[in-house]
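Working notes, structure below.
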Amino acid sequence: MMIEDDVFRRKRFVPSKMTAFGFTKSDGQYICETDLMDGAFHALLSVSKKGAVTGKVIDRMNDEEYHQLRSRQFDGPYVHSVRQAYVQWLRHIGETVCDEVLFASDQANRIAELILDQYDVKPDFPWEEKPYQSYGAFRHADTRKWFALIMNVQWDKLLKNKDETRVDIINLKSDTLEEAVSRYPGVIFPGYHMNHKTWISIVLADVLPDERIMQWVQSSYALT
């Protein structure tokens with residue numbers, strides 16, 4: 001259970017705000033600590049220079065990590081209380097030291113800016129339920145048809161490898177699907193949750209340059 005990813009998925013840490021909040025810097029990491037549940041637990045949060053977040057909750061009784069926090073098998077009242085206390089602390093940090101962004105990855109946010117610059121189109125977020133509420137649709141101004149959709153999905157949805165790590169992808173209409181998929185294996189896939197014959201999904205993890213992805217965006221815009 002990646003609690004930190006859920007809380008900070010669409011946030012960017014601001015170093016000056018982190019320092020003011022009480023983060024300390026050590027070995028290139030920003031670190032913040034606090035006690036939870038009247039001191040029964042101790043929480044640590046570490047943020048790398050690139051914004052990667054890791055957290056840990058220590059049970060003071062045995063001075064060991066409280067692994068029940070992350071297991072879906074444990075959801076009794078006490079575990080739930082510890083989990084809620086930790087999540088509330090993380091959300092307080094997010095609200096205090098982070099800026100909101102549209103999408104989880106830097107590349108997804110850059111592509112959104114390029115689409116705005118080129119087509120004067122901002123994404124809308126038509127779904128209210130989690131995790132779909134973070135899915136951003138880019139539409140033609142006249143027909144309201146999608147020409148791009150940015151989603152945050154688990155790698156397992158693409159690779160069927162049971163990897164629950166999440167990644168941003170962009171769905172685009174394409175008339176060169178087979179060529180794109182074969183040329184960029186592991187980066188371009190038949191469209192996830194779209195017509196596998198006419199849509200592609202591109203992983204937005206800075207593997208392909210923005211300019212190349214925008215060529216597919218332009219093609220999708222024309223095809224739709």
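The values are calculated or read from the model by the stated rules, or taken from the named source; none is laboratory data. Quantities reported herein were computed from a predicted structural model and do not represent experimental measurements. Counting neighbours? That spans all protein chains shown, and the Cβs are built from the backbone with ideal geometry, glycine included. Heads up: the accessible areas ignore ligands, DNA and RNA and are worked out on the full protein's heavy atoms, side chains in. Shrake-Rupley method; radii C 1.70, N 1.55, O 1.52, S 1.80 Å.
Any residue in the stretch 60-87 that's under 11 Å from residue 37 (Cα atoms): show its pairings with residues that are small (Gly, Ala, Ser) and in a loop (DSSP other than H, G, I, E, B) at Cβ separation under 6 Å, as long as the two are six or more apart or on different chains.
Between residues of the stretch 60-87 that are under 11 Å from residue 37 (Cα atoms) and residues that are small (Gly, Ala, Ser) and in a loop (DSSP other than H, G, I, E, B), the close pairs are 60/40.
I'd like to check something: does the stretch 37-47 contain any residue that is out of contact with any helix residue (DSSP H, G or I) (no Cβ under 9 Å at 6 or more places or on another chain), within 25 Å of residue 109 (Cα to Cα) and either open to solvent by 90 Å² or more (accessible area, probe 1.4 Å) or not aromatic (Phe, Trp, Tyr) (or both)?
For the stretch 37-47, residues out of contact with any helix residue (DSSP H, G or I) (no Cβ under 9 Å at 6 or more places or on another chain), within 25 Å of residue 109 (Cα to Cα) and either open to solvent by 90 Å² or more (accessible area, probe 1.4 Å) or not aromatic (Phe, Trp, Tyr) (or both): present.
Check the stretch 87-105 and report whether any residue there is over 21 Å from the mean Cα position of the chain (by Cα) and either within 30 Å of residue 219 (Cβ to Cβ) or not polar (S, T, N, Q) (or both).
Checked the stretch 87-105: no residue is over 21 Å from the mean Cα position of the chain (by Cα) and either within 30 Å of residue 219 (Cβ to Cβ) or not polar (S, T, N, Q) (or both).
Can you say whether residue 43 is at pLDDT 95 or above and within 23 Å of residue 165 (Cα to Cα), as far as the supplied structure shows?
In short, yes.
Between a first residue in the stretch 104-122 that is under 25 Å from residue 52 (Cα atoms) and a second residue that is open to solvent by less than 40 Å² (accessible area, probe 1.4 Å) and in a loop (DSSP other than H, G, I, E, B), which pairs have beta carbons less than 8 Å apart while being 6 or more apart in sequence or on different chains?
From residues that are under 25 Å from residue 52 (Cα atoms), the pairs are 105/204; 107/204; 108/204; 109/101; 109/103; 111/204; 112/103; 112/123.
Condition check ((1) of a type in the set (Phe, Trp, Tyr); (2) in contact with a Gly (Cβ under 7 Å, 6 or more places away or on another chain); (3) buried (at least 20 other Cβ atoms within 10 Å of the Cβ)) across all residues:
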position: 16; (1), (2), (3): no, no, no
position: 55; (1), (2), (3): no, no, yes
position: 60; (1), (2), (3): no, yes, no
position: 73; (1), (2), (3): no, no, no
position: 78; (1), (2), (3): yes, no, no
position: 84; (1), (2), (3): no, no, no
position: 97; (1), (2), (3): no, no, yes
position: 102; (1), (2), (3): no, yes, no
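Condition check: of a type in the set (D, E, K, R) and open to solvent by 70 Å² or more (accessible area, probe 1.4 Å). Does residue 145 satisfy that?
Yes: the conditions hold for residue 145.
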